[in-house]
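*Asks:* Attaching a single structure in structure tokens format; questions to follow.
The values are calculated or read from the model by the stated rules, or taken from the named source; none is laboratory data. Just so it is clear, the model here is predicted, and its values are computed rather than measured. Neighbour counts are summed over all protein chains in view; Cβ atoms, including those assigned to glycine, are modelled from backbone coordinates with ideal geometry.
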Amino acid sequence: MKSIFPFSIKTWQWFFFAKPFTFKKTFFALIYGWHAIWFEINCWLSKQTHRKEFSNSISSSIFICGLWRTGSTEVHRLLAQLPGVDTPRTWQCMAASTFSLTGSPKDIVSLKRPMDSQLIDALSPQEDEFALLSFGVDSCYRGFFEPERLSELQYCLDPEFWLANNDWFETFEKFLFSVIRTKSTPLVKSPNHSFRLKSIFKNAPDSKVVWLVRDPVDTYYSNKKMWLKMMETYSFGKVDSNVLDDFLISSFNEIANVLYWATENIPKDKMMIVAFRDLCVSPNIVLKTICSQLNLLSDAQEISKIVDLIDFNPIVESRYVSSSRSSKLEAAISALAIAQERAVLYFG
């Protein structure tokens, strides 16, 4: 039995109203349909019982971006330890319709992430993308469940789509308001927000961005491993490696375009670049640099204590055996490498 991830009726319709209808898909439709009904009921109950006034300003949020598998999780874990910063947690993102009803879990159990065996628990900093996915926002992560439809989700990589379909930000804003403590600086991390960067700065112009970069070849192989593992964990469809390759090629090209846009439109004081290798080798220096640029914690001793709290397992050198790659993939890798170099030179 696959892991069950609860989501809204809107998300359920996307998954199960598409042909072909198979016995396996019908079976999962019934199971997830039951969960979707309760998801909507719990959302309604949450709205009735958890009303509050919000004084936080989303416009001053910190966004951790960059492609998947570039070190954003480690930066998220570091920044989430800073005083005056608050971020969505696993128990909130993975149970978006019920967390305000149940409260924080009392029994904290650690589990291994499917893609890299990194330990997480209910209180770990988590991607808000999982909450957005469950609420019905268009998300690349739908591909975890239906890999054979991943090509249909390439529009989620298009920044212009997010500019034209601004409803996602309202859902994002409501969720963030519900989890961030009053007077705290909101901190969010999702590689998927990289493709929404234009929309983010349109809606929240005072936002600041920490963008992760990594050798594009390693990024490709790490992504291939991650996506296949997540599909294995959650999918109720067939996994096609060629479809995944096409999707990753598109994501590399779009991220390169976003970085070009950023160097031309985002002020230097609102975005900084962090290299994966630097993060692995010198997390103290990386955190100190981020804090300095974002006007956060300045105490060097406190920064060292925060780094010591995080269990780093740095692997600097490439772990991936390069196989033959298509000309399209090579071109996308080259385009991303050039865009990253330009961004590093511009933002420092």
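*Asks:* Consider Ser59 against the criteria (1) at pLDDT 80 or above; (2) under 30 Å from Val286 (Cα atoms): it satisfies all of them except one. Which criterion is unmet?
*Replies:* Here Ser59 meets the rest and fails (1).
*Asks:* Could I ask something else about it? Filter region 95-126 for residues that are buried (at least 19 other Cβ atoms within 10 Å of the Cβ) and at pLDDT below 90 and give the result.
*Replies:* Ser100, Ala122 - these are the residues of region 95-126 that are buried (at least 19 other Cβ atoms within 10 Å of the Cβ) and at pLDDT below 90.
*Asks:* Further question on the same structure: Which of the residues that make up region 165-197 are of a type in the set (D, E, K, R) and surrounded by fewer than 17 Cβ atoms within 10 Å (Cβ to Cβ)?
*Replies:* Asp167, Glu170, Lys174, Arg181, Lys183
Per-residue answers, yes or no, for (1) part of a helix (DSSP H, G or I); (2) at pLDDT 90 or above; (3) closer than 19 Å to Tyr221 by Cα:
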site: Asp278; (1), (2), (3): yes, yes, no
site: Asn295; (1), (2), (3): no, no, no
site: Val307; (1), (2), (3): yes, no, no
site: Ser318; (1), (2), (3): no, no, yes
site: Ile338; (1), (2), (3): yes, yes, yes
site: Glu341; (1), (2), (3): yes, yes, no
site: Tyr346; (1), (2), (3): yes, yes, no
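*Asks:* Looking at the structure I just gave you, is Glu160 out of contact with any Phe, Trp or Tyr (no Cβ under 8 Å at 6 or more places or on another chain), modelled with pLDDT of 90 or more, surrounded by fewer than 21 Cβ atoms within 10 Å (Cβ to Cβ) and of a type in the set (Asp, Glu)?
*Replies:* yes
*Asks:* Which of the residues belonging to region 158-200 are within 13 Å of the chain's Cα centre (by Cα) and over 22 Å from Leu45 (Cα atoms)?
*Replies:* Within region 158-200, Leu187, Val188, Lys189, Ser190, Pro191, Asn192, His193, Ser194, Phe195, Arg196, Leu197 qualify.
*Asks:* Determine which member of the set Ser59, Ser97, Ser134 is in a loop (DSSP other than H, G, I, E, B) and either of a type outside the set (Phe, Trp, Tyr) or in contact with a Gly (Cβ under 8 Å, 6 or more places away or on another chain) (or both).
*Replies:* Only one candidate qualifies: Ser97.
*Asks:* If a residue must be assigned to a loop (DSSP other than H, G, I, E, B) and either without any contact (Cβ under 8 Å) to a residue 24 or more places away in the chain or touching a strand residue (DSSP E or B) at 6+ places or on another chain (Cβ under 6 Å) (or both), how many such residues does region 234-272 contain?
*Replies:* The qualifying residues number 1.
*Asks:* Also, I was wondering about something else. Output yes when any residue across region 222-238 is more than 30 Å from Thr22 (Cβ to Cβ) and buried (at least 20 other Cβ atoms within 10 Å of the Cβ), and no when none is.
*Replies:* Taking every residue of region 222-238 in turn, at least one turns out to be more than 30 Å from Thr22 (Cβ to Cβ) and buried (at least 20 other Cβ atoms within 10 Å of the Cβ).
*Asks:* Moving on to the next point. Restricting to region 66-94, name every residue that is part of a loop (DSSP other than H, G, I, E, B), of a type in the set (A, V, I, L, M) and surrounded by fewer than 24 Cβ atoms within 10 Å (Cβ to Cβ).
*Replies:* Ala80, Leu82, Met94
*Asks:* Considering only region 270-301, state which residues are more than 23 Å from the chain's Cα centre (by Cα) and small (Gly, Ala, Ser).
*Replies:* Matches in region 270-301: Ser282, Ser292, Ser298, Ala300.
*Asks:* Tally up the residues in region 145-155 that are assigned to a helix (DSSP H, G or I) and crowded, with 22+ Cβ neighbours inside 10 Å, please.
*Replies:* Number of matching residues: 2.
*Asks:* Still on this structure, please answer the following. I need the full set of residues from region 178-197 which are over 30 Å from Glu254 (Cα atoms) and touching a strand residue (DSSP E or B) at 6+ places or on another chain (Cβ under 8 Å), in order please.
*Replies:* Selection gives Val179, Ile180, Arg181, Ser184.
Yes/no per residue for (1) outside any helix (DSSP H, G or I); (2) at pLDDT below 75; (3) within 30 Å of Ile266 (Cα to Cα); (4) among the small types (Gly, Ala, Ser):
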{"position": "Trp14", "(1), (2), (3), (4)": "no, no, no, no"}
{"position": "Phe21", "(1), (2), (3), (4)": "yes, yes, no, no"}
{"position": "Phe27", "(1), (2), (3), (4)": "no, no, no, no"}
{"position": "Arg51", "(1), (2), (3), (4)": "yes, yes, no, no"}
{"position": "Ser55", "(1), (2), (3), (4)": "yes, yes, yes, yes"}
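*Asks:* Filter region 222-241 for residues that are more than 21 Å from the chain's Cα centre (by Cα) and either farther than 29 Å from Ile31 by Cβ or of a type in the set (Ser, Thr, Tyr) (or both) and give the result.
*Replies:* Within region 222-241, just Ser241 meets the criteria.
*Asks:* Looking at Leu176, Leu133, Leu187, Leu150, can you tell me which residue is closer than 18 Å to Arg69 by Cβ and hydrophobic (A, V, I, L, M, F, W, C)?
*Replies:* Matching residue, one of Leu176, Leu133, Leu187, Leu150: Leu150.
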